[in-house]
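Okay, so here's the structure we're looking at.
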Amino acid sequence: MKLKAVRTGINGEGIAYDRKRPVFLPYLLPGETAEVRITERAERYSRAEVLEVLETSPERREAKCALFGSCGACTLQHASYALQKDIKKELIREALKKYAGITVGDFELYSGREYAYRNAAKLPLGLWKGKLVTGLYENGGHRFLAVRNCPIHEKELERIRKEVLNILNKHHLSLYDNRKKEGYRSLFLRVLDGEAELCLITGRDTVPDVVCDDLMKIEGLVSLSQSVNTERHSDGLFGSVPKILRGKKGIRFAREGLSLTLQPQSFFQLNTEMAMTLYRLAASFLEGKRKRLFEAYSGIGMISLLLREKAEEISGAEWTASAVEDANQNARENGAEHIHFLCGDAAEILERESRKKHFDTIVVDPPRSGMGETMCQAVLASGAEELLYISCNPATLAKDLQRLSVYEVQKIAACDLFPQTSLTETLVLLKSRKRSE
């Protein structure tokens, strides 16, 4: 069967139509025709295997990564960057129209480096030729793929990752064994402003002093910690709260006149350069000064601190305890006494705090799953006149906006924090319709 891809799906796959039924075609670009074989027929769609690309798009290019097509991460690496940006804008427009009935015209998509932008790695450990390696599991399968070089990692991140592996193998450390609950399972590594923090995710092991000493000799590494995770099917990377083995509790970095602390479990955007573009854009969307502002999913408090001149009082809510600790420390150290952060469920905290005082503006930056029904209801109940929504998933953004239909879109823009993938960050400013009537 011959099919022609006419657009791109949210996961970077090509979409063609067979008698009005969408057919998902992995790695086929818009305008390309291929010989395909249907592998799955669901009620509303089909999936197919691409046997041969018959007509190739002029926007197709050679992927830089040897694991392209296997690891499933950089699903647009075979497309020119100009096409990648067009695809991302179209995905945002399609989602807003489909799920929220919102039609938007052209808008700005800000971009930076195409490669070497990622400041952190969360990678499982595996064995290759008897040695520990970091890698990923094959897309849709269980085969472990060793990552030798990752083109989207910052150069310092790659250098330190390889040095860490050399030291682990020098001391003949073992891969995690789920039956014994011992061994080395994964690693988390982040580098900002020349400072690196490493967390070893292990079983019930004691990391030998000689290993810690050797790791701390790596140039730039200032914080070494360990998290014990013995769950067979773990939802997240970390198990126990990371315990500091050597060095500082976290790393420090400076941006926009702010001095900030960041612990391993605390969230920070993976693309430092474009994160700052995103946050500066968020600040520009909020004109004037309001009395009170509430930030949900506040992380280490970066957004609230950058908005510190926009409100007389700012409250933040975040689930991760280490991030709240970082956020409050960051507020104190940057002289922002009018900003404070609370630990717990964002919806519950907003509902509780809104009964005590009125928030003029709410800022949200939720995970890919979006705000969801409970948080949307808390926003509506708060009576806030203004909502600034930062989203990494156009589909859940649109579904939330449909729930929040008492607000109307005032401004929209996007920032490409994840080149070579189908992901991007969307920024939407909404104002209450009641306020404008």
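The values are calculated or read from the model by the stated rules, or taken from the named source; none is laboratory data. Keep in mind the model is a prediction, meaning the values are calculated, not measured. A quick note on method: Cβ atoms are made from the backbone with ideal geometry, for glycine too, and the neighbour counts reach across all protein chains shown.
Restricting attention to the range 384-406, does a residue exist that is buried (at least 19 other Cβ atoms within 10 Å of the Cβ), over 23 Å from the mean Cα position of the chain (by Cα) and of a type in the set (Gly, Ala, Ser)? Yes, some residue in the range 384-406 is buried (at least 19 other Cβ atoms within 10 Å of the Cβ), over 23 Å from the mean Cα position of the chain (by Cα) and of a type in the set (Gly, Ala, Ser).
Taken over the range 60-79, the criterion of being closer than 15 Å to GLU13 by Cα and of a type outside the set (A, V, I, L, M, F, W, C) is satisfied by ARG60, GLY69, SER70, GLY72, THR75, GLN77, HIS78. Here ALA116 qualifies as at positive phi and out of contact with any Leu (no Cβ under 8 Å at 6 or more places or on another chain).
Is it the case that the range 413-421 has a residue that's in a strand (DSSP E or B), more than 15 Å from the chain's Cα centre (by Cα) and surrounded by 15 or more Cβ atoms within 10 Å (Cβ to Cβ)?
There is at least one residue in the range 413-421 that is in a strand (DSSP E or B), more than 15 Å from the chain's Cα centre (by Cα) and surrounded by 15 or more Cβ atoms within 10 Å (Cβ to Cβ).
Quick one: what pairs do we get from the range 407-424, first residue of a type in the set (Phe, Trp, Tyr), second buried (at least 21 other Cβ atoms within 10 Å of the Cβ) and in a loop (DSSP other than H, G, I, E, B), C-beta under 7 Å, 6+ apart or different chains? From the range 407-424, the pairs are PHE418/THR424. Residues in the range 18-37 that are assigned to a strand (DSSP E or B), touching an Asp or Glu at 6+ places or on another chain (Cβ under 9 Å) and of a type outside the set (A, V, I, L, M): PHE24, THR33, GLU35, ARG37.
Residue by residue, here is whether (1) at positive phi; (2) assigned to a loop (DSSP other than H, G, I, E, B); (3) out of contact with any helix residue (DSSP H, G or I) (no Cβ under 9 Å at 6 or more places or on another chain); (4) in the same structural domain as THR320 (by TED's automatic domain parsing) holds:
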{"site": "LEU165", "(1), (2), (3), (4)": "no, no, yes, no"}
{"site": "LEU168", "(1), (2), (3), (4)": "no, no, no, no"}
{"site": "GLU197", "(1), (2), (3), (4)": "no, no, yes, no"}
{"site": "THR206", "(1), (2), (3), (4)": "no, yes, yes, no"}
{"site": "ASP235", "(1), (2), (3), (4)": "no, yes, yes, no"}
{"site": "PHE238", "(1), (2), (3), (4)": "no, yes, yes, no"}
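Considering the range 1-25 alone, what residues qualify as being hydroxyl-bearing (Ser, Thr, Tyr) and surrounded by fewer than 23 Cβ atoms within 10 Å (Cβ to Cβ)? Walk me through it before giving the result.
Looking only at the range 1-25, we keep the residues that are hydroxyl-bearing (Ser, Thr, Tyr), and these are 8, 17.
If the condition is that a residue be hydroxyl-bearing (Ser, Thr, Tyr) and surrounded by fewer than 23 Cβ atoms within 10 Å (Cβ to Cβ), then TYR17 is the only one that fits.
Within the range 37-55, residues that are over 14 Å from ARG19 (Cβ atoms) and free of Cβ contacts under 8 Å to residues at least 60 places away in the same chain sit with their Cβ atoms under 6 Å from residues that are of a type in the set (S, T, N, Q) and surrounded by fewer than 12 Cβ atoms within 10 Å (Cβ to Cβ), at 6+ positions apart or across chains, in these pairs: ARG47/THR39; GLU49/THR39. Exactly one residue out of GLU62, GLU40 is in a strand (DSSP E or B) and farther than 23 Å from SER391 by Cβ, and it is GLU40. When residues in the range 277-301 are screened for being in contact with a helix residue (DSSP H, G or I) (Cβ under 6 Å, 6 or more places away or on another chain), among the hydrophobic types (A, V, I, L, M, F, W, C) and in a helix (DSSP H, G or I), 1 of them pass. From the list LEU96, LEU109, LEU76, the lone residue that is within 21 Å of the chain's Cα centre (by Cα), under 30 Å from LEU404 (Cα atoms) and buried (at least 19 other Cβ atoms within 10 Å of the Cβ) is LEU96.
Conditions (1) hydroxyl-bearing (Ser, Thr, Tyr); (2) under 29 Å from SER111 (Cα atoms); (3) not assigned by TED's automatic domain parsing to the domain that holds ALA16, marked per residue:
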site: LEU29; (1), (2), (3): no, yes, no
site: GLU32; (1), (2), (3): no, yes, no
site: VAL36; (1), (2), (3): no, no, no
site: ARG41; (1), (2), (3): no, no, no
site: SER46; (1), (2), (3): yes, no, no
site: LEU67; (1), (2), (3): no, yes, yes
site: CYS71; (1), (2), (3): no, yes, yes
site: LEU76; (1), (2), (3): no, yes, yes
site: TYR81; (1), (2), (3): yes, yes, yes
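If the condition is being charged (D, E, K, R) and part of a loop (DSSP other than H, G, I, E, B), then the range 307-345 contributes GLU337, ASP345. Of all residues in the range 212-234, one or more are more than 25 Å from GLN329 (Cβ to Cβ), surrounded by fewer than 16 Cβ atoms within 10 Å (Cβ to Cβ) and within 22 Å of the chain's Cα centre (by Cα).
Tell me yes or no: at least one residue of the range 223-233 is under 25 Å from TYR137 (Cβ atoms) and either free of Cβ contacts under 8 Å to residues at least 24 places away in the same chain or touching a His at 6+ places or on another chain (Cβ under 9 Å) (or both).
Yes, the conditions are met somewhere in the range 223-233.
Exactly one residue out of ASP360, ASP326 is surrounded by 17 or more Cβ atoms within 10 Å (Cβ to Cβ) and over 26 Å from ALA196 (Cα atoms), and it is ASP360.
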